[in-house]
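Here is the structure we will look at.
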Amino acid sequence: MKKKEDRGFPLAEEVRAELCGDGGPWETALEDVLGEQLLVFRNRHRNLEDMFDEFTEKWSGRECLVLGDSRITYDQLPNMVRGVSDRLTNELGVRSGDRVAILAANSPEWVVSFFAVTFLGAIAVAINGWWTAAEIDHALQLTKPKVLIGDSRRLMRANNIDSEIAIVDIDETPEFFTPIEVSKIGQNVLEDDPALILFTSGTTGRAKGALLSHRGLIGFVDGTVHNAQEKTTIALRQLGIDPSSLPSQQDVVLATSPLFHVSGLLAGVLMNMANGAKIVFRKGRFDAEDVLKIIETEKVTNWTAIGDMGPRVMTHPDFLEYDTSSLTRMSSGGAHLSQHMRDQIEKHFPQAALSIGQGYGSSESCGVVTSIGGQEFKEYPSSAGKACMGFEIEIRDENNNTLPDGEEGEIHVKSAYTMLEYWGDPKATRETIKPSRWLAMGDIGRVENGLLFINARARDMIIRSGENIYPVEIEHRLESHSSVSEAAVFGVEHQDKGQEVKAIVVPEGDASLDADTLREWCSETLADYKIPVIWEWRSTALPRNASGKVVKRALTGNTELSSHQD
């Protein structure tokens with residue numbers, strides 16, 4: 001008998017037809033979404049509460065959220081969530097459309113709070129836990145939450161909280177999270193109602209809040225699970241294996257990505273709950289040896305190592321002292337997976353080598369736009385992959401004209417899951433969401449044979465250990481110092497962190513400046529990961545083009561590597 005891939009009808013198309021065609025488990029249809037006809041999964045949940053109820057019932061009896069000695073099962077989670085929803089409503093007056101901010105380290109309480117807020121039709125505001133007081137204040141002033149839920153350490157850093165905001169301290173009031181018997185909330189929340197605000201680094205110097213809908217978050221889960229099932233089915237059939245014949249076992253996911261990011265909340269929690277995984281958090285700053293201990297004791301199967309987490313674990317002197325054989329899926333996020341990183345994964349986690357892959361998306365796209373893995377990733381390691389189900393891609397020039405394959409321009413995407421808007425910023429929304437709800441991604445790339453290639457060097461944004469950094473925010477801070485005439489900030493390649501932040505500074509007149517002074521100045525308003533670690537001093541004006549913009553590609557010179565590195 002011939003293998004299916006040898007027949008005239010390609011195996012990939014055959015599998016997609018089975019999964020997404022009429023009557024298939026992932027049947028698709030064109031439907032009206034905010035005035036546009038867009039591709040959606042026909043059999044989908046209509047809000048997060050419905051999705052949550054199905055998953056917690058389906059995976060009854062399994063552990064769900066783990067942090068240290070705290071172990072919460074899928075059976076226990078519903079009463080915890082609805083207990084918090086009840087207290088938010090009856091004690092703190094939260095109603096549909098209100099904002100509830102979350103400022104805390106990764107924990108079960110963070111996840112419980114998120115679900116409790118969204119069940120009410122309220123909007124969860126995920127605040128970056130690494131931010132300074134000034135950055136936190138900006139987020140609170142922008143979104144004006146009715147309640148702020150946080151842990152003691154981060155609430156202390158938020159020293160300018162409006163007196164009208166009710167505060168729930170996770171550490172001081174654990175009773176707020178005590179489970180109670182409460183029936184389904186059932187607030188008649190609609191698909192395109194807002195659910196979550198995720199902050200993105202701002203091109204104008206301040207973080208913007210991407211407002212995501214219930215449809216978008218559910219679409220992220222469905223799209224990612226479908227994509228994984230499709231790729232797995234194709235791979236197994238190529239090997240002559242029936243996917244339904246394989247035993248089902250619980251994945252154990254080490255969740256080190258912060259919950260205030262897509263990679264932490266959407267990919268790390270929502271998607272893994274759909275698969276019935278056990279999600280393991282850890283306390284405190286990143287600690288490579290603690291990660292190794294958790295992998296061994298919890299028998300972790302999946303870990304997405306953002307930024308330099310992977311290298312720090314793989315180069316730990318005691319790496320070989322721990323049993324990491326359970327880890328069969330290892331990936332990196334936040335930036336393109338370098339050849340060095342792929343080689344390191346294959347060397348230290350050979351059992352996970354076949355699962356290496358990557359995807360492309362953003363908070364604004366609220367979904368994995370493209371993905372690549374397996375043999376295709378080996379053949380095209382510089383590609384971000386092909387468009388995932390439900391996503392269209394266009395490459396456009398500076399006049400918004402669509403470019404043909406092979407030509408480089410700005411990447412635009414379209415799907416049912418795109419953010420609703422930037423909260424409180426209609427101008428930025430109009431600039432980013434084009435007519436017919438095409439989303440300008442802000443990245444430069446090209447499409448060849450259906451594969452997306454991103455020109456990382458063409459973007460102004462810096463990606464350091466998985467965190468997006470816009471240079472203009474740092475430049476504005478540096479230039480506000482009385483002894484600085486002008487400054488230019490950009491990223492330089494770093495083997496483990498992806499990029500490091502470099503600043504070129506021109507002092508004002510004869511002013512004397514040093515890195516320590518400017519680091520301290522920056523630290524008053526900027527999170528640590530944004531502060532430059534490489535400094536260069538210039539006595540002449542920075543090169544500019546006819547429009548007055550600094551020509552960063554023309555900037556070269558000796559660098560002084562700061563002794564202060566995170």
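The values are calculated or read from the model by the stated rules, or taken from the named source; none is laboratory data. Note that the structure is predicted; figures quoted are calculated from it, not measured. Note: ideal-geometry Cβ built from the backbone for every residue, glycine included; neighbour counts use all protein chains shown.
The figures follow:
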{"quantity": "Scan of the range 84-117 for residues that are of a type outside the set (A, V, I, L, M, F, W, C), in contact with a Phe, Trp or Tyr (Cβ under 7 Å, 6 or more places away or on another chain) and more than 19 Å from G186 (Cβ to Cβ), ordered by number", "calculated": "N106, S107, E109"}
{"quantity": "Condition met for G61 (loosely packed, with under 12 Cβ neighbours inside 10 Å and farther than 29 Å from K414 by Cα)", "calculated": "yes"}
{"quantity": "Filtered residues of the range 19-70 (kept if of a type outside the set (K, R), within 26 Å of the chain's Cα centre (by Cα) and assigned to a loop (DSSP other than H, G, I, E, B))", "calculated": "W26, L34, N43, H45, N47, W59, G68"}
{"quantity": "Residue match in the range 171-185 (condition: in a loop (DSSP other than H, G, I, E, B) and not assigned by TED's automatic domain parsing to the domain that holds R95)", "calculated": "no"}
{"quantity": "V300 vs. criteria surrounded by 20 or more Cβ atoms within 10 Å (Cβ to Cβ) and not in a helix (DSSP H, G or I)", "calculated": "yes"}
{"quantity": "Single unsatisfied condition, A255 versus (1) free of Cβ contacts under 8 Å to residues at least 60 places away in the same chain; (2) surrounded by 15 or more Cβ atoms within 10 Å (Cβ to Cβ); (3) hydrophobic (A, V, I, L, M, F, W, C)", "calculated": "(1)"}
{"quantity": "Test: V447 is of a type outside the set (K, R), touching a strand residue (DSSP E or B) at 6+ places or on another chain (Cβ under 7 Å), over 15 Å from S363 (Cβ atoms) and modelled with pLDDT of 95 or more", "calculated": "yes"}
{"quantity": "Some residue of the range 108-128 being surrounded by fewer than 19 Cβ atoms within 10 Å (Cβ to Cβ) and outside any strand (DSSP E or B)", "calculated": "no"}
{"quantity": "Of residues in the range 374-427 being at pLDDT 95 or above and of a type in the set (F, W, Y), the one surrounded by the most Cβ atoms within 10 Å (Cβ to Cβ)", "calculated": "Y417"}
{"quantity": "Any hit, the range 454-467, residues being part of a loop (DSSP other than H, G, I, E, B), touching a Pro at 6+ places or on another chain (Cβ under 9 Å) and among the aliphatic types (A, V, I, L, M)", "calculated": "yes"}
{"quantity": "Subset tally (residues that are buried (at least 20 other Cβ atoms within 10 Å of the Cβ) and over 20 Å from the mean Cα position of the chain (by Cα)) for the range 312-330", "calculated": "4"}
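Results for (1) among the charged types (D, E, K, R); (2) part of a loop (DSSP other than H, G, I, E, B); (3) within 15 Å of the chain's Cα centre (by Cα), shown as yes or no for each residue.
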| site | (1), (2), (3) |
| --- | --- |
| D192 | yes, yes, no |
| I197 | no, no, yes |
| L211 | no, no, yes |
| V221 | no, no, yes |
| T224 | no, no, yes |
| A228 | no, no, no |
| R237 | yes, no, no |
| Q250 | no, yes, no |
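So that you can scan it fast, the table gives a plain yes or no per residue for (1) touching an Asp or Glu at 6+ places or on another chain (Cβ under 6 Å); (2) under 30 Å from A541 (Cβ atoms); (3) of a type in the set (F, W, Y):
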residue: E394; (1), (2), (3): no, no, no
residue: H412; (1), (2), (3): yes, no, no
residue: M419; (1), (2), (3): yes, no, no
residue: F490; (1), (2), (3): no, yes, yes
